[in-house]
Amino acid sequence: HGMNVQVLADPFGRLLWASPALPGAVHDIRAAREHAILDALADAAIPCWADKAYRGAGGTVRTPYWGRWETLSTGQKAVNRSHAKIRALGEQAV
């Protein structure tokens, strides 16, 4: 009974846009492509911090380093921590 709704939020956690709902079985990156979010962000040169479900999105979408925590380098762990702090601000919109 789940739904997939894509949202865009500003760095202050304010909701900017919410997509029409898709079935919950639709993967996040597929939903973003169907709603043309990735192209719109790239065309407007707007950086976006997303979770690992958007790996491979390209353009201006930034995702954390992939892998088990214990296999990441110290630098990769630091980047992932910073990434999570930035994403947490936008997650407030949800």
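Could you say whether any residue in the range 73-86 is assigned to a helix (DSSP H, G or I), closer than 20 Å to TRP17 by Cβ and open to solvent by 70 Å² or more (accessible area, probe 1.4 Å)? There is at least one residue in the range 73-86 that is assigned to a helix (DSSP H, G or I), closer than 20 Å to TRP17 by Cβ and open to solvent by 70 Å² or more (accessible area, probe 1.4 Å). Scan the range 19-44 for residues that are among the hydrophobic types (A, V, I, L, M, F, W, C), closer than 14 Å to VAL5 by Cβ and assigned to a helix (DSSP H, G or I) and the total you get is 3.
Of all residues in the range 17-48, none satisfies the criterion of being open to solvent by 90 Å² or more (accessible area, probe 1.4 Å) and touching a Pro at 6+ places or on another chain (Cβ under 9 Å). Take the conditions (1) open to solvent by 50 Å² or more (accessible area, probe 1.4 Å); (2) in contact with a strand residue (DSSP E or B) (Cβ under 6 Å, 6 or more places away or on another chain); (3) modelled with pLDDT under 95; ARG14 misses just one of them, which is (2). Does ALA57 satisfy being surrounded by 16 or more Cβ atoms within 10 Å (Cβ to Cβ), in contact with a strand residue (DSSP E or B) (Cβ under 6 Å, 6 or more places away or on another chain) and of a type in the set (Gly, Ala, Ser)? So ALA57 does not fit the description; no.
Pairing each residue of the range 25-50 that is among the aromatic types (Phe, Trp, Tyr) with any residue that is loosely packed, with under 15 Cβ neighbours inside 10 Å, provided the two are 6+ apart or on different chains, yields C-beta distances under 7 Å for TRP49/ILE86. Assessment of the range 64-77 against the conditions (of a type outside the set (Lys, Arg), at pLDDT 95 or above and in contact with an Asp or Glu (Cβ under 9 Å, 6 or more places away or on another chain)) yields at least one matching residue.
The values are calculated or read from the model by the stated rules, or taken from the named source; none is laboratory data. As the structure is a prediction and not an experimental result, all values here were calculated from the model. All Cβ positions, even for glycine, are placed from backbone atoms using ideal geometry, and neighbour counts span all protein chains on display. Heavy atoms of the whole protein, side chains included, go into the accessibility calculation; ligands, DNA and RNA do not. Shrake-Rupley method; radii C 1.70, N 1.55, O 1.52, S 1.80 Å.
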